[in-house]
1. Would you mind finding the one in B:Glu467, B:Glu515, B:Glu477 that is surrounded by fewer than 17 Cβ atoms within 10 Å (Cβ to Cβ), charged (D, E, K, R) and modelled with pLDDT of 95 or more?
2. Name the single residue, out of those in the stretch B:106-143 being in a helix (DSSP H, G or I), within 9 Å of another protein chain (Cβ to nearest Cβ) and not hydroxyl-bearing (Ser, Thr, Tyr), that is farthest from B:Ala278 (Cα to Cα).
3. Report yes if A:Phe85 is aromatic (Phe, Trp, Tyr) and either within 14 Å of chain C (Cβ to nearest Cβ) or loosely packed, with under 15 Cβ neighbours inside 10 Å (or both), otherwise no.
4. Which condition does C:Tyr85 not pass, out of (1) in contact (Cβ under 8 Å) with a residue 40 or more places away in the chain; (2) surrounded by fewer than 22 Cβ atoms within 10 Å (Cβ to Cβ); (3) within 12 Å of chain A (Cβ to nearest Cβ), if it passes all the others?
5. Does the stretch B:189-199 contain any residue that is of a type outside the set (Asp, Glu), touching a helix residue (DSSP H, G or I) at 6+ places or on another chain (Cβ under 9 Å) and either surrounded by fewer than 24 Cβ atoms within 10 Å (Cβ to Cβ) or within 24 Å of B:Gly436 (Cβ to Cβ) (or both)?
6. Does the stretch C:122-151 hold any residues that are surrounded by fewer than 23 Cβ atoms within 10 Å (Cβ to Cβ), facing another protein chain (nearest Cβ under 7 Å) and within 17 Å of the chain's Cα centre (by Cα), and which are they?
7. Mind checking which residues of the stretch C:35-46 are more than 7 Å from every other protein chain (Cβ to nearest Cβ) and either free of Cβ contacts under 8 Å to residues at least 12 places away in the same chain or assigned to a helix (DSSP H, G or I) (or both)?
Amino acid sequence: MSELRPGVDAMRPARAGATRTADSRPPDGFPGASRYRGYLGFGFGGFFLVTVSLLVLRAVWALGNGEAAWDRVQQSFQNPIYVLFHALAFLWLTWFTLRLFRLFPKTQPKRIGPLERPPDALLVAGLSGVFVVVTLVVAAILWGAF
Amino acid sequence: MVDVVRHDVVIVGGGGAGLRAAIAAVEADPTLSVALVSKVYPMRSHTVSAEGGAAAVPPDAKDDSLEKHAYDTVKGSDFLGDQDVIQYFVQEAPNELTRLEHWGCPWSRNADGTVATRPFGGMQTPRTWFATDKVGFHMLHTLFQHSLRFDRIVRYDEQFVTKLLVDGGRCRGVVALDVRSGQVRAVLGRAVLLATGGAGKVWPFTTNGNIKTGDGMSLAYREGVALKDMEFVQYHPTGLPGTGILITEASRGEGGYLVNSEGERFLVSRDYGVGTKAELGPRDMISRAIIQEIEAGRGISLPGKLGQYVHLDLRHLGKAKLEARLPFVLELSRTYAGVDPVTQPIPIRPVLHYMMGGVDANIDGATPLPGLYAIGEAACFSLNGANRLGSNSLTELLVFGARAALHAMRFAKGSAAGSETALLEQAKAEGARLDGLRGRKRGGETVAGVRHALNLAMEAGTGVYREQASMQQAVSEVAAIKQRYEQVSLADDSKVFNTELTAMLELGNLIDVAEAVALAAVSRKESRGAHACRDFPKRNDGEYLHHSLVHFGEAGPRFSTKPVTLGTWLPEERKY
Amino acid sequence: MAELPKKTIVVTRFDPDKDEAPRQQRYEIPVEPDWKVLDALNYIKDNVDPTLSHRWSCRMAVCGSCGMNVDGDAKLTCKDALSDYGDVVEVAPLANFPVIRDLVVEIEAFMEKFQKVKPFILRAKELAVEAGPTHQSPAELDDYRQFSMCINCMLCYAACPVVSNEPDFLGPAAIALGHRYNLDTRDEGQRERHAVFRDDGGIFSCSFANECSRVCPKHVDPAGAIQQAKLQNVIDWVTRLLPGGGGER
């Protein structure tokens, strides 16, 4: 890893040039401009991923620590803040997944052997469709429908 | 303080010819140290803008032969091309394009995977290899990327060569201005190759980019090497209004029509000497036909644009073919002419494009100055004679870039390095001159002002059609402009990336080229190839079957001549 | 003749021998309706202020010299219509690059990154010219053609937030070019390039902002190239671990 500083040392060459240069400037509008919203939203999801992971670890720990611990954790699920947090996490995850599938065709080569890549719209619709159906089915199961 | 670096071979110019030469030299002898000195990063070289294709008889061709390619080139040159050069060229052409294919050039293909070819002007059968319609771009990038494999090619990017170093009658290096820092550097070598391209910026309406200022031509000229056949400048038939941006000949190769204001395909309905070839006749004849149509009142005016135009109609080719074979033409027309070729004809007129003439060199690229070589558009061997066929020049870069590099390499290895004292003295003096030039205050002239005057003078005197009177006028006007150049004052005194200084140096080079073009033009009292003189409308082999030479002189340029190397074909009437 | 309308071009100026840091200079000039931003800069240099330094050459969007930031966004100034902008237009050097002078930036870091991906045909055995050209079907050519269209204008580097924050990042154009060679049927160097790709600052530093593809004037879609490269790279890595795969690298 180099000693280069983010922002001001962007694209600084390994060997210094013959004259003094002015520092690099980051792209205008980063990070507030509207074109970065999707990108930042994607990255911000790290917050949900970390916190949900910690909460899951907490529940797993309780499982291994006897009935009383487990019951306390179950009780905490009723907390309205807990419910709100998970609702937001779910909304974010849905947005994240649908956006991920929308971007998915970019990872695919033009053809695999003799098979041409299907039209992007088809790929996106297919993946998103499967996601929605599976989510609904799992939600129904957890709700106690079957 | 002058910096000094030493190499075996020094190449000036990093375009198609320069890169091919560098690769050829290090591949032939991996112990050689090759300097590639360019005033721009190599991928900016003007080779990048070439569009249509590169000609060579395909290895598996059934209806084609080397002899046919040679004959087409000789006839296209109006019998002024040297036939020994042409024979070697057509023979090596397929090998060079094959080599480029091996190096990754994305030649367009037939369905069976073989390299595709398209018809081109003046060629009796399709033999132009192409990469959609961006062949120069693909060739240059392939060459540049391939050159990165060789550590022994040392690049000096954005270094402007201002003088050749000559001592004891031999060329032994160059002086280069580091554009970024203002540092002056002596790049010493035992052979020097000029690959600096043409000088389209002498004229106001040109396909050429800003960097095409004849730098190498001027470097050689100032050291006593003649500039050959300078009167022969090629007007490409199809340039866009205002900008002069090139619309490739391939658009006609794929079947496009040229149409006047009355909607007629004038190359078919009237006799302009191109016979059944029509739009695929040679460029000089097509350009003249367009000018004649305009002068006869059948040109098309455009609001807000000077001059008149004719139409290049591609609509009948259909959207699918245009998108597959001419996508760059679509992009250029839409972006720079506001016209969609799928539904509208493109307004075009002849535009200055290429210089058949250049530094006097032989088939090995050797100039009369030992140790100095010249290749590509900067040189005149002569492959192209009085008129170049489209798609021959890209192949020319490769064939003679390679051949000249091997000769330069042999010369370098066979010559001793010698004393550096005189060379370093010259470099020091040149450094002082450049330091004094920066921000100098003289008379009231500016670089842009003098350049504009030069442009107007050369357009008036050396257009598609010329008259003795206007050519003579150009000769005297260029001489006057040369005086005005001495009165240019510069505003930018900075050492760092001073582009006013480089523009000043380039202007000096343009003036050298212009004086040679004007003198050669007025001295050729006949019409041949691209030199169409209204006072002498016929070709005169009895008195003018020769190359023109212009030598630099303190009292003004001096004119002389040199014989043409004939061969299999003797001059005949040039009809298609 | 009707008088031409005027625009104010606000240009970033910087001379390291005279200025501590870049500053702005305003030029009010007459403008023609069909001008590109580059035409305005050339007018300023030729008629108003010859000390303005900028790079340009072909003026037809193929040499890649004239990339700059116009009103905050990375543009190829010879292709960018001046009429798209208001009465005041800001022209600055490319973002994410050190500035040498005025609108001229230092591109040596790009040349370094460019070379790292081995952008040439790699073969175990060189082909002989006598063998003639190799065969490549139109479909095989089409697989990589789009990624071969890069003019090295570096607008993608100017727009990429990762280039900004991770100076070691190879960057969009370099990766797209490496990917172009990986896809070329004539090349045998995929393994070597994938090793470079998964190194520090390689393709996995890309977090898919897609800014590069948005600003690319030649529609190369470097973001697509990088994501495709990621998938290919993982497959390459997995196949190495399999017996006979060659082992980790």
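The values are calculated or read from the model by the stated rules, or taken from the named source; none is laboratory data. All of these numbers come straight from a predicted model, not from anything done at the bench. A quick note on method: Cβ atoms are made from the backbone with ideal geometry, for glycine too, and the neighbour counts reach across all protein chains shown.
1. On inspection, the qualifying residue turns out to be B:Glu467.
2. B:His141
3. Here the answer is no, as A:Phe85 does not meet what is asked.
4. Going through (1) in contact (Cβ under 8 Å) with a residue 40 or more places away in the chain; (2) surrounded by fewer than 22 Cβ atoms within 10 Å (Cβ to Cβ); (3) within 12 Å of chain A (Cβ to nearest Cβ) one by one, C:Tyr85 breaks only (3).
5. no
6. C:Arg145
7. Scanning the stretch C:35-46 gives C:Val37, C:Leu38, C:Asp39, C:Ala40, C:Leu41, C:Asn42, C:Tyr43, C:Ile44, C:Lys45.
A quick yes/no check of all residues on (1) in a helix (DSSP H, G or I); (2) facing chain C (nearest Cβ under 9 Å); (3) closer than 24 Å to C:Val48 by Cα; (4) among the charged types (D, E, K, R):
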| site | (1), (2), (3), (4) |
| --- | --- |
| B:Arg484 | yes, no, yes, yes |
| B:Asp492 | no, yes, yes, yes |
| B:Val496 | no, yes, yes, no |
| B:Glu500 | yes, yes, yes, yes |
| B:Val513 | yes, no, no, no |
| B:Val517 | yes, no, no, no |
| B:Val522 | yes, no, no, no |
